[in-house]
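Notes follow the structure.
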Amino acid sequence: MYKLSLSSNTYGQPLFHVEVITLILYYAGEMGSYFLVEPAYESALEDIRRFYPRLSFSHNIITGPEYNQCNDLLPVSNDVLARFYYSNLSKWRAADLTVFLTNEAGEC
């Protein structure tokens, strides 16, 4: 499992801090995989930096080569998210808002 973190830069003290946790497929074999949606995430962070400089935004992407297809990720997704979340509790408690964002709708 890989954890990739993307953060927006802030000027001065941030007024509001958001942490986003995304569990996502690794390979580009299926729609919604990391390599297909990562450019959109980067573009969104650039817009946030430009338009909301006092918003602190961190995007934590959980993925790995063991998650090739939806059927690889779906049976373990709750456990993977829970392990990641509970191993970083102090980080989430410091945030004003923590958001879970997944691209898996429940069935493959």
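We did not get these values from a lab; they are worked out from the coordinates using the rules stated. If you're wondering where the values come from, they're calculated on a predicted model, not measured in any experiment. Please note: Cβ atoms are built from the backbone with ideal geometry, for glycine as well, and neighbour counts cover all protein chains shown.
So the values come out like this:
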{"quantity": "Pairwise FRET efficiency - residue 74 versus residue 51, Cβ, R0 = 30 Å, nearest 0.05", "calculated": "0.30"}
{"quantity": "Spacing of the two label points (7 Å from each Cα toward its C-beta) at residue 16 and residue 40, in nm", "calculated": "2.2"}
